[in-house]
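Visitor: Dropping the structure in here first, questions after.
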C-alpha cells in the first residue's frame, strides 16, 4: 500500500467521525482515461482511489468535498450544480469545500480543463448514488417501494399521495451511514436537468464583491512574519558572498541564511523589504548570449532528436502532386502567467506538523514537496487552498509553499511568503517560446496534398491537424519543459502547446487557401469531414455572416478565420480587425467564437471562460513577451509586460454549439488556442502582410506591411 | 520615526502610532486587518489595491500613511457596511463582474469613485476610467456591464 493510500484511509476515518451524523457518500470511480500527453505532462494517473465525498447533514445541507480548487473558472459553482441536480436538491443548500488535503480526497491538480470532463462524472455519480441511498431510506420510512417515490428539492414524495413525504434532512437525522459508490449510477439525461444547463448566481459571488473572499495572503496567525527572499540577479547565478549583518542589526528583523535560502523576515512586510535591501550579495553570473531574438535559433540547435507521433502516407508523393507548396517558419515568445495575485503561502510549522495555506492549483502536489523539504512524513503536512487569485497553469509548482514552510521551521513562527511582483516575474514557469516549421502543399482541386510539421519547445498538444491529409508527418522537438533547454523555468500556460501550435498551423491553412485561390472557410470545409469541426465552422460562419471571397481585402480592414480542438472541445473563431498602415496598430473590432463543448453545465460560466481565453489570447497576440538576456529576467512588473486592458477588449460573441450527446468537455482553455492565428489571418486579409511572429507588435506589423 | 496618524476609515475614526512613510495598503492589511484591499504590483500599475480617499480613487500601495492624515478612506469593506451590498457591488454580482475575484475589490472601488465623480459616464468614459485596473481573467465585458448598470440606476454607488 502506498503512503498516499494509507493517508487517505486514515484521514477518511477521522473525517467521517468529525462529520458526526448524516449520510456520507464516498465515490470510488475507476481510473479515468486521459490522453497520453496529459498523463505525460501531469505525472501520476488520475487516482482510482476515492475521488469525492458528499455529505448530507441532518439539517438537509449538502457538502461536496473536492480536491479541486477555485481560481476563477467557476467550478465551485458548476460542481455544485452537478451534485445538486443528480441529488435532487436546490443549489442553495450546496456547499463546496475545495483543496484541503485534510478533508478532501486526493486530486492530481486543477489544470488541463479536466475538472468538468474527468472529475464531473465522479461527482454526478456520487450524487446520483446518494439519491438512491436516500430514497431507499425513504422507502423504508414511508413503507412504499422505491419505484413509487420521486425527489424534488430535497424532499422525497410518494407519487400516489404527495402528502406522504419525508425530507433528506429528516432521513439523515440520527443516521450515520457511510456508503461507497462502486456501481455505475444512472445519471440524469439532459432533458431531466433542473440545476445543470442553467446559469445560477455563483456560489463565490458575494464573497468576491464584498472583499470577504480569503486568499492565501489574507490569512492571519498570531506572531506571523512576512518574508522577503534574496533572489539571484539571473537564473543560474551562484553567490560568491552574502553579507546579512546590516539587515540582522535592524530592529524587528530576523535574517535567515541556510541551505541556499536567504531571507529577511519581519512582522511588517515593508520592514522585511527594507531589510532585504540591506543584504549585500555578490554573484557569479553565467555569461548570457541569448535573448528574445536569438532564442529561436537556440531552440532549434539545442533540440536534439524529435519524437514522431504521426507519420502517414508518402510525403514525397504528396509534394509531387502539389500545384503549390509552402514552407514557413513561425515563432512565438515566452509568455508570463501574470495572475494579479502573486504566488503566496502562509506556513505554520510546529510540533512536528506543518499547515500551509497556499495559492496553488495543486494542493496535493504541494503536500509531498513540503514534506520532503521539512523531512516530515506526508501525513504531517496539511495544505489548505483558499480562493486562488488566478492560475492559468502557473500555480502548479509549489516553490513558495516550500519557502514558507522551510522559513517557518527555521524561525519557529508562522511565515508568510507573498512574492513581490518582481519575484513573480522571476520565478514564473513561463509558457515557452516556440518554433514551428511547416511545409505543406495543395493541389488544383484545393485539397491538401502533404503536411510536414515540426514543432520546437511547445510540445505536442494540438500539433496534429483536424484536416484529412493522407501524407502527413508531425515531429516534436525538445518537448515542452525539457531541462537545460531554456534559461529559466517553463511550464504549462493556458492550453499549453496548443496555442503555440495553432498559431502556425492555422495560418498555414489560411495561406494554402489563398494559394489555392479559395475562400478560407470553403477551403477548410473541403479538407475536413470531421463533423464537429464542420459544425463549429458553419456556426461561426453563420454568426459572423461570413461571405465567401477568394481574394484578400487589402484595404486596411480584414477578417480572419481559425479552427481548432482542445480539451475535448471544438472551437472556430472569426475576427474583424482594422490595421493602421502608417503605424502598424491593429484594432480588433469583433470576435465570434463557436464552441462545441458537449453538454453545457453552466452556459454563462462557459461563455465567461471563453471570453477570458479570448481576452488573454489577445494579450499574447499583441504585447505579451518576456524580456530576458540568458537567465536574467528583465521584465519586472506590469509596465514591461502589457496584457489586455479594458480598452483592448473588442465585442465578443460566443456561440455554444449544442451537442447534448457528448458529456461535458473542457471550457477554460479551448477558446484561447485560435487567437494568434485568427488575428494574424485577419491582418493578412487587411494588408497582405503575413505575421509569423508573436506578439504582433505595431513595429513588427509595420515591418511586414513594408515588405508587401 | 513614529507619529500619530488619524483618519476616517469606512466612516469611523482610527488612529495609528506608526511610521508615517509606510504605505496605506500594508497598514490596512496588517495593522487594521482589512484584507479586502489587495497587493498586485506594489507600484500603482494594476489597481488591485485601489481605495477611495475623499471621493478619489487612489492606489494604496504607493500612498504614504502621512498623506491620509485627516482624510476619509473607504475600502471595499466600507461599501457594504451593515451587510447590505452597495449598488455597485450588487451590479458586479448581478453581471458576474469577476472571475477569480482578486482584482475585484480594486475594480469595484475604482468604479465607485468613477461614479462619484461622474454619475452618468458614457461607455468611453467608463473604459478610460477603468483602464488602469488589470483583470487577468478577462472579465472586462462584465465589469463594464456592471458599471453601466450601476450608473443606469441613476443613484450614486
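The values are calculated or read from the model by the stated rules, or taken from the named source; none is laboratory data. On a predicted model such as this, the values are computed, not experimentally measured, just so you know. With ideal geometry, Cβ positions are generated from the backbone for all residues, glycine too; neighbour counts draw on all protein chains shown.
Visitor: For the range B:1-59, which fully contained strands (runs of 3 or more DSSP E) count at least 2 residues that are surrounded by fewer than 17 Cβ atoms within 10 Å (Cβ to Cβ) and out of contact with any helix residue (DSSP H, G or I) (no Cβ under 6 Å at 6 or more places or on another chain)?
Guide: Numbers: elements: B:3-9, B:12-18, B:50-53, B:56-59.
Filter on the range B:1-59 gives B:3-9, B:12-18.
Visitor: If we scan the range A:264-287, do we find a residue that is over 22 Å from residue B:49 (Cα atoms) and within 31 Å of the chain's Cα centre (by Cα)? Break it down stepwise before answering.
Guide: Of the residues in the range A:264-287, the ones over 22 Å from residue B:49 (Cα atoms) are A:264-265, A:275-287.
Filter once more, so that each one left must be within 31 Å of the chain's Cα centre (by Cα): none.
Within the range A:264-287, none of the residues are over 22 Å from residue B:49 (Cα atoms) and within 31 Å of the chain's Cα centre (by Cα).
Visitor: Is there a residue in the range A:99-112 that is under 23 Å from residue A:662 (Cβ atoms) and within 14 Å of chain B (Cβ to nearest Cβ)?
Guide: Yes, the range A:99-112 has at least one match.
Visitor: Here's something else I'd like to know. So is residue A:409 under 26 Å from residue B:25 (Cα atoms), in a helix (DSSP H, G or I) and in contact with a helix residue (DSSP H, G or I) (Cβ under 9 Å, 6 or more places away or on another chain) or not? Even if it seems obvious, please write down each step before you answer.
Guide: Working: under 26 Å from residue B:25 (Cα atoms): no; in a helix (DSSP H, G or I): yes; in contact with a helix residue (DSSP H, G or I) (Cβ under 9 Å, 6 or more places away or on another chain): yes.
No; evaluated as a whole, the condition is false for this residue.
Visitor: Taking the condition assigned to a loop (DSSP other than H, G, I, E, B) and modelled with pLDDT of 95 or more, does residue A:529 pass?
Guide: Values: assigned to a loop (DSSP other than H, G, I, E, B): yes; modelled with pLDDT of 95 or more: yes.
For residue A:529, the condition - assigned to a loop (DSSP other than H, G, I, E, B) and modelled with pLDDT of 95 or more - is met.
Visitor: A further question follows. Test residue A:611 against the stated conditions and say whether it is within 22 Å of the chain's Cα centre (by Cα) and facing chain B (nearest Cβ under 7 Å). So that I can check it myself, show each step before the final result.
Guide: On the way: within 22 Å of the chain's Cα centre (by Cα): yes; facing chain B (nearest Cβ under 7 Å): yes.
Judged against the criteria, residue A:611 is a match.
Visitor: Being on the phi < 0 side of the Ramachandran plot and facing chain A (nearest Cβ under 8 Å), is that true of even one residue in the range B:111-123? Give the derivation first.
Guide: Kept after step one, since they are on the phi < 0 side of the Ramachandran plot, are these residues of the range B:111-123: B:111-123.
Subsequent filtering for residues that are facing chain A (nearest Cβ under 8 Å) retains none.
No, that holds for no residue.
Visitor: Which is more than 27 Å from residue A:565 (Cβ to Cβ) and outside any strand (DSSP E or B), of A:624, A:642? Lay out the reasoning, then the answer.
Guide: Working: A:624 fails: more than 27 Å from residue A:565 (Cβ to Cβ).
Only one candidate qualifies: A:642.
Visitor: Take the residues of the range A:342-352 that are part of a loop (DSSP other than H, G, I, E, B) and touching a helix residue (DSSP H, G or I) at 6+ places or on another chain (Cβ under 7 Å): which is nearest to the other protein chains (Cβ to nearest Cβ)?
Guide: The selected residue is A:342.
Visitor: Same structure, new question: Checking the conditions here, which among B:128, B:84 is free of Cβ contacts under 8 Å to residues at least 24 places away in the same chain, closer than 20 Å to residue A:206 by Cα and out of contact with any helix residue (DSSP H, G or I) (no Cβ under 6 Å at 6 or more places or on another chain)?
Guide: Values: B:128 fails: closer than 20 Å to residue A:206 by Cα.
Result: B:84 is the single residue among B:128, B:84 that is free of Cβ contacts under 8 Å to residues at least 24 places away in the same chain, closer than 20 Å to residue A:206 by Cα and out of contact with any helix residue (DSSP H, G or I) (no Cβ under 6 Å at 6 or more places or on another chain).
Visitor: Out of the residues in the range A:693-708 that are touching a helix residue (DSSP H, G or I) at 6+ places or on another chain (Cβ under 9 Å) and farther than 19 Å from residue A:500 by Cβ, which is surrounded by the fewest Cβ atoms within 10 Å (Cβ to Cβ)?
Guide: Restricting attention to the range A:693-708, the residues satisfying the condition of being touching a helix residue (DSSP H, G or I) at 6+ places or on another chain (Cβ under 9 Å) are A:693-698, A:701, A:704-705, A:708.
The next check asks that each one be farther than 19 Å from residue A:500 by Cβ; those that pass are A:698, A:701, A:704-705, A:708.
Numbers: A:698: 15, A:701: 25, A:704: 21, A:705: 20, A:708: 11.
Applying the filter and picking the extreme gives A:708.
Visitor: Then there is this: Where in the range A:261-312 are the strands (runs of 3 or more DSSP E), entirely inside, with at least 3 residues that are more than 14 Å from every other protein chain (Cβ to nearest Cβ) and within 16 Å of residue A:420 (Cα to Cα)? If you could, list the steps in order and put the result at the bottom.
Guide: Working: elements: A:261-266, A:280-284, A:307-312.
Answer list for the range A:261-312: A:261-266.
Visitor: I need the full set of residues from the range A:199-240 which are in a loop (DSSP other than H, G, I, E, B), within 14 Å of another protein chain (Cβ to nearest Cβ) and within 28 Å of the chain's Cα centre (by Cα), in order please.
Guide: Within the range A:199-240, the subset in a loop (DSSP other than H, G, I, E, B) is A:199-204, A:211-214, A:219-224, A:230-237.
If we keep only those that are within 14 Å of another protein chain (Cβ to nearest Cβ) too, we end up with A:199-204, A:211-214, A:219-224.
Once the filter is applied, which keeps residues that are in a loop (DSSP other than H, G, I, E, B), within 14 Å of another protein chain (Cβ to nearest Cβ) and within 28 Å of the chain's Cα centre (by Cα), the range A:199-240 yields A:199, A:200, A:201, A:202, A:203, A:204, A:211, A:212, A:213, A:214, A:219.
Visitor: Could you list, in sequence order, all residues of the range B:62-90 that are within 10 Å of another protein chain (Cβ to nearest Cβ) and buried (at least 23 other Cβ atoms within 10 Å of the Cβ)? Step through it out loud before you land on a result.
Guide: Narrowing the range B:62-90 to residues within 10 Å of another protein chain (Cβ to nearest Cβ): B:75-80, B:83, B:85-86, B:88-90.
Within the range B:62-90, B:75, B:76, B:79, B:88, B:89 meet the criteria.
Visitor: Take the residues of the range B:91-108 that are more than 7 Å from chain A (Cβ to nearest Cβ), touching a helix residue (DSSP H, G or I) at 6+ places or on another chain (Cβ under 6 Å) and assigned to a helix (DSSP H, G or I): which is farthest from residue B:57 (Cα to Cα)?
Guide: Checked the range B:91-108; the qualifying residue farthest from residue B:57 (Cα to Cα) is B:91.
Visitor: On to the next question. Which one is surrounded by the most Cβ atoms within 10 Å (Cβ to Cβ) among residues in the range A:369-399 that are away from every other protein chain (no Cβ under 14 Å) and within 25 Å of residue A:204 (Cβ to Cβ)?
Guide: Step one: of the range A:369-399, the residues away from every other protein chain (no Cβ under 14 Å) are A:369-384, A:396-399.
Now restrict to residues that are within 25 Å of residue A:204 (Cβ to Cβ): A:382-384, A:396-398.
Numbers: A:382: 19, A:383: 29, A:384: 19, A:396: 20, A:397: 20, A:398: 26.
My answer is A:383.
Visitor: Facing another protein chain (nearest Cβ under 10 Å) and either out of contact with any strand residue (DSSP E or B) (no Cβ under 9 Å at 6 or more places or on another chain) or farther than 20 Å from residue A:489 by Cβ (or both), is that true of residue A:645?
Guide: Numbers: facing another protein chain (nearest Cβ under 10 Å): yes; either out of contact with any strand residue (DSSP E or B) (no Cβ under 9 Å at 6 or more places or on another chain) or farther than 20 Å from residue A:489 by Cβ (or both): yes.
Yes, satisfied.
Visitor: OK, next. Would you list the helices (runs of 4 or more DSSP H) that sit entirely within the range A:1-115 and hold 2 or more residues that are more than 17 Å from the chain's Cα centre (by Cα) and at pLDDT below 75? Talk me through it step by step, then tell me what you get.
Guide: Working: elements: A:3-19, A:36-42, A:75-87.
Those helices (runs of 4 or more DSSP H) span A:3-19.
Visitor: Residues that are surrounded by fewer than 24 Cβ atoms within 10 Å (Cβ to Cβ), outside any loop (DSSP other than H, G, I, E, B) and free of Cβ contacts under 8 Å to residues at least 60 places away in the same chain: does the range A:423-440 have at least one?
Guide: Within the range A:423-440, not a single residue is surrounded by fewer than 24 Cβ atoms within 10 Å (Cβ to Cβ), outside any loop (DSSP other than H, G, I, E, B) and free of Cβ contacts under 8 Å to residues at least 60 places away in the same chain.
Visitor: Sort out which residues of the range A:401-425 are more than 14 Å from every other protein chain (Cβ to nearest Cβ) and in contact with a strand residue (DSSP E or B) (Cβ under 7 Å, 6 or more places away or on another chain), and write them in order of number. First the steps, then the outcome.
Guide: Here is the first cut: in the range A:401-425, the residues more than 14 Å from every other protein chain (Cβ to nearest Cβ) are A:401-413, A:415.
Residues satisfying the conditions are A:401, A:403, A:404, A:405, A:406, A:407, A:408, A:409, A:410, A:411, A:413, A:415.
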